[in-house]
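Structure first, then comments.
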Amino acid sequence: MHPLGPPPEEQHWVDTAAELAREFAKTAAAYDESTDVPLANLEALHTSGLDRALLPREFGGEDLSYRSYGEIVRLLAAGCPSTACIWVMHVGAAIGLVQMSAPESARFYADEYIAGRRFANALSEPSGGNLFLLPQQHAQPAAGGFRLSGAKRFTSGCEIADHFLVNVLIDDTPTFFGVPADETIKYLPIGDTMGLRANGSRLVEFRDTLLRSERRCPPSTGHRPNRIGGGIAFLSLGVADAAIAALIEHARTRTIPTTGQPLATMQWLRFDLADVHSRLEAAGMYARHMTWLADQNDLEFNPATMRAKLLANQVAVDAAQLALKAGGGSGYLSTSPIQRILRDAYAGWVMAYSVEVCRDRLSADLFEDSNA
Ligand SMILES: Cc1cc2nc3c(=O)[nH]c(=O)nc-3n(C[C@H](O)[C@H](O)[C@H](O)COP(=O)(O)OP(=O)(O)OC[C@H]3O[C@@H](n4cnc5c(N)ncnc54)[C@H](O)[C@@H]3O)c2cc1C
C-alpha cells in the first residue's frame, strides 16, 4: 500500500475496475472504428456498483476517495479511453449536481444516478471552449425559470444522456442548472474527433429550452473538489500506460533483420523508454498527490489539477510518439493499437483546460507571487 494510493478498504473497487478494464480493452479498437458510444461498458460500470460508491454517504454512496477514483480512471483509460472519458463526465455531472443543488433537487439527482440514468456536461461553448466555467450565453427569464437558446460543444456522451449539467449567464453571473434531455435539445454532428472517437461528442443545440427554477444550483458556499478536475489527468496516464505496454510488446517480438536481435535490444529505444517511463512515474506520483489534496479538501487542489493534467497530457503524447517510433511501419497501420493510442493521447492535451491554458494559469500565479 502507498500512502497516496487507494486506502486498503477500497482496494476491492480498484480490483473491480481492473477486471472491467481488461474486458473493455478487447473492444476498444472496434469502438474507435465505429465511433459508437460504448454503452455496454458504461452499463457494466453502473452494474458493478462503482457509480454509486462515488456518491456522498448521505445520498447512499461510499464517498469513495479521490485516491481510489484516480486509480480507477487510469485503469479504465488504459483499457478503453472513450469509455473512461464518458464515465468521468457522467460521474462529474451527476455528483456535481448532487453537491451543488438545493436539498430536494440533490436527492432527485442522486436517485436518478442510482437508478442508472445517464448524465453529461454541456459546458464548453463553440466560441471558446476553454472558458467552460465562464459561459457567454445568457438565459432569458420565462415562466417557471429561464429559457436558453444557444449551443454547447463537445458534450461527451450527449446522445445517451438523460440529464445535463449546463451553465449560462443569469444577470451576467455564471449559473449552473440541471436540465433534462427533451425535444428542445438537438444533437448536431460536428465531425468525428481524431482521438477518443467513441466518446460521442456532438454540438448540443438548445432551442428555447426551459431551465427550471427548482433545478437552478444556488451559489457555491465553500470549496470542494470535483470529480472531473480530479479525474482528467488520469485519463492521460491510462493512455500513457497503454502506449508503453504496446511499445514493449512490439519491441520484444520484432526482430531487426540486420542484427537478428529483438528491437528491444536497441540502445536508443532502451534509453528513451527508461526516460519516458520515469516521467510517467513522476506524473503519476504528482497526480496521486493531487488526489490526496482532494481527499483533504485542500485549496491547493485547484492548481494541482492543472499541474497534474499538464504533466500527464505531455507524457501521454511522448509515450505514444515513442511507441509509434518503435512500431515503425507496423505501428502506422490502422490494425495496430499504437496509431489509436497516439490519437487518443492528443485528446487529453486539447480537453479543457488545454495544456497551453494550464501553463498560462500556472505561470500567471508564479509571476504574481514573485511580484508580491
Ligand atoms: C475528447 C473531448 C471530450 C470533451 N468532453 C467535453 C464534455 O463532456 N463537456 C464539455 O463541456 N466539454 C467537453 N470537451 C471540450 C473541451 O473541454 C474544451 O472546451 C475544448 O476541447 C477546447 O475548446 P476550443 O476548441 O474552443 O479551444 P480554444 O479554447 O479555442 O483553444 C484554441 C487554442 O488556443 C489555446 N488557448 C485558448 N485559450 C488560451 C489561453 N487563455 N492561453 C493560452 N492558450 C490558449 C488552446 O490551448 C488551443 O491551443 C471535450 C473535448 C474533447 C477533445
Angle check, please: helix 11-25 long axis (alpha carbons) against the longest principal axis of the chain (alpha carbons), in degrees 0 to 90, nearest 10.
70 degrees
Loop-resident sites, the stretch 14-96, for trypsin sites (Lys or Arg not before Pro), counting at most 13 other Cβ within 10 Å (DSSP):
Lys26
What does the charge dipole of the stretch 227-371 about its Cα centre add up to, to the nearest 20 debye, if the Cβ of each Lys and Arg holds +1 and the Cβ of each Asp and Glu holds -1?
640 debye
Among DSSP bridges having both ends in the chain, what percentage is antiparallel? Round to the nearest 5.
85 percent
For the chain, set up a GNM with springs between Cα atoms under 10 Å and report which of Glu159, Glu104, Glu281 has the largest fluctuation.
Glu104
Size-normalised alpha-carbon gyration radius of the chain, reference 2.2 N^0.38 Å
1.01
Which net charge results when you count Lys and Arg as +1 and Asp and Glu as -1 among the other residues whose beta-carbon is under 10 Å from that of Ser68?
-4
Quick check on the stretch 1-158: take the gyration tensor over C-alpha atoms, sort the square-rooted eigenvalues as a ≥ b ≥ c, and tell me if it's rounded (a/c under 1.5), prolate or oblate.
oblate
Sequence-distant aspartates and glutamates (8 or more away, or on other chains) whose Cα lies within less than 20 Å of Lys309:
Glu71, Asp241, Asp275, Glu281, Asp295, Asp298, Glu300, Asp318, Asp344, Glu356, Asp360, Asp365
What does the charge dipole of the chain about its Cα centre add up to, to the nearest 20 debye, if the Cβ of each Lys and Arg holds +1 and the Cβ of each Asp and Glu holds -1?
660 debye
Under 30 Å Cα-Cα from Lys186, which lysines qualify once same-chain neighbours fewer than 8 residues away are excluded?
Lys152
Divide by every residue of the chain the summed helix terms, -39500 (n - 2.57) for each DSSP H run of at least 4, and state the resulting mean residue ellipticity at 222 nm, rounded to the nearest 500 deg cm²/dmol.
-18000 deg cm²/dmol
May I ask which residue of Met194, Ala251, Gly229 lies farthest towards the positive end of the charge dipole of the chain, with charges of +1 (Lys, Arg) and -1 (Asp, Glu) on Cβ and the Cα centre as origin?
Ala251
Among the lysines, which fall within straight-line cross-link reach of Lys26, defined as a Cα-Cα distance under 16 Å, with same-chain neighbours fewer than 8 residues apart omitted?
none
Would you please classify the overall shape of the stretch 110-185 from the alpha carbon gyration tensor, given that a ≥ b ≥ c denote the square roots of the eigenvalues, rounded means a/c under 1.5, and beyond that prolate means a/b larger than b/c while oblate covers the rest?
oblate
In the stretch 150-249, the trypsin sites (Lys or Arg not before Pro) that fall in loop regions by DSSP, at most 16 other Cβ within 10 Å:
none
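Throughout, read-outs are computed from the coordinates displayed, never taken from laboratory work. Just so we're clear, the structure is a prediction, and the values are computed from it rather than from any experiment. We place every Cβ from the backbone using ideal geometry, glycine too, and count neighbours over all the protein chains shown.
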